[in-house]
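This report concerns only the one structure given below.
The values are calculated or read from the model by the stated rules, or taken from the named source; none is laboratory data. These numbers were taken from a predicted model, which means no experiment stands behind them. Cβ placement follows ideal geometry from the backbone for every residue including glycine, while neighbour counts extend to all protein chains displayed.
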């Protein structure tokens with residue numbers, strides 16, 4: 001039986017293992033430097049910045065979704081941003097990803113959110129077909145930019161003006 | 001003289017006017033349904049979901065930045081997401097956008113954020129050149145998906161499973 005529940009603090013090590021597995025699948029494992037302490041602070045600290053759902057099949061963890069709330073100035077309403085969605089290779093093909101997204105859609109409706117957004121790697125055609133099948137639309141007109149590392153520090157620094 | 005400060009509750013009507021001007025510039029004015037009450041709740045309610053900076057030139061509001069905190073599972077650290085950046089046409093060319101982003105970069109460093117992300121319209125080549133000039137990189141490999149409206153409600157509903 002499949003059960004999807006909000007993660008609790010004891011699930012942090014499992015979620016970090018899943019984050020590493022997801023990064024490996026996305027060929028981005030070198031980017032994972034998060035620690036259990038980081039994740040504990042983000043999910044269960046004084047001012048949590050994210051929330052997670054854990055999927056269990058017959059009691060065994062088989063996937064997770066990690067998300068946070070954002071805000072749309074055009075709609076004037078909050079939204080949800082799905083940072084990570086992962087189902088273990090052995091448990092795929094049973095609709096577990098769909099059930100995780102369905103749970104998230106319910107959270108969105110409960111909170112009067114205008115939308116749920118997330119990013120997919122362009123080469124991950126099977127994930128993209130799955131998302132389109134749910135009625136999600138790619139935001140074709142937009143490009144995402146990121147400022148990080150040295151350019152971020154430089155802009156913030158005394159010579160950044 | 002240019003001053004950039006966190007917006008206060010009395011700035012809400014001005015910020016909403018700027019949001020509408022920005023939407024008009026982006027040719028998306030039809031999407032703006034936000035009200036002053038929505039914005040007040042988001043920025044100054046019990047559980048604020050976003051924050052705003054207001055730029056004033058000789059005391060006159062000339063632009064704003066609206067942002068919220070997100071979370072990166074790979075770095076294990078929070079980030080900032082810049083939802084809107086706007087400078088009035090009359091005040092452009094004086095580096096006010098840069099100063100708004102610089103202020104945001106300092107907020108990011110103070111909060112130990114890993115990065116600042118935002119989206120730009122693909123046709124807005126002058127904005128994109130400005131962002132690249134700051135050292136921001138486009139995330140070429142990623143596509144953003146959005147689930148909203150009827151498909152979101154359907155997935156959350158009794159027949160969504």
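Data table
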item	result
Members of the range A:100-116 that are crowded, with 19+ Cβ neighbours inside 10 Å, within 7 Å of chain B (Cβ to nearest Cβ) and under 17 Å from residue A:78 (Cα atoms)	A:105, A:108, A:114, A:115, A:116
Some residue of the range B:86-98 being at the interface with another protein chain (Cβ under 9 Å from one of its Cβ atoms) and crowded, with 20+ Cβ neighbours inside 10 Å	no
Selected residue [in contact (Cβ under 8 Å) with a residue 12 or more places away in the chain, under 13 Å from residue A:22 (Cβ atoms) and surrounded by fewer than 22 Cβ atoms within 10 Å (Cβ to Cβ)] from A:57, A:66, A:82	A:82
Residue list for the range A:9-24, filter: more than 10 Å from chain B (Cβ to nearest Cβ) and in contact with a helix residue (DSSP H, G or I) (Cβ under 8 Å, 6 or more places away or on another chain)	A:9, A:12, A:13
Residues being within 8 Å of chain A (Cβ to nearest Cβ), in contact (Cβ under 8 Å) with a residue 12 or more places away in the chain and crowded, with 19+ Cβ neighbours inside 10 Å - total across the range B:33-48	2
Residue in the range A:129-143 that is surrounded by the most Cβ atoms within 10 Å (Cβ to Cβ), counting only those that are farther than 25 Å from residue B:116 by Cβ and more than 7 Å from every other protein chain (Cβ to nearest Cβ)	A:130
Test: residue A:94 is over 17 Å from the mean Cα position of the chain (by Cα) and under 21 Å from residue A:69 (Cα atoms)	no
Pair list, Cβ < 6 Å and 6+ apart or interchain, from the range A:150-161 residues that are at pLDDT below 95 to residues that are surrounded by 10 or more Cβ atoms within 10 Å (Cβ to Cβ)	A:160/A:154; A:160/B:102
Condition check for residue A:146: assigned to a strand (DSSP E or B) and either facing another protein chain (nearest Cβ under 7 Å) or modelled with pLDDT of 95 or more (or both)	yes
Count of residues meeting criterion [at pLDDT 95 or above, part of a helix (DSSP H, G or I) and touching a helix residue (DSSP H, G or I) at 6+ places or on another chain (Cβ under 6 Å)] in the range B:25-79	4
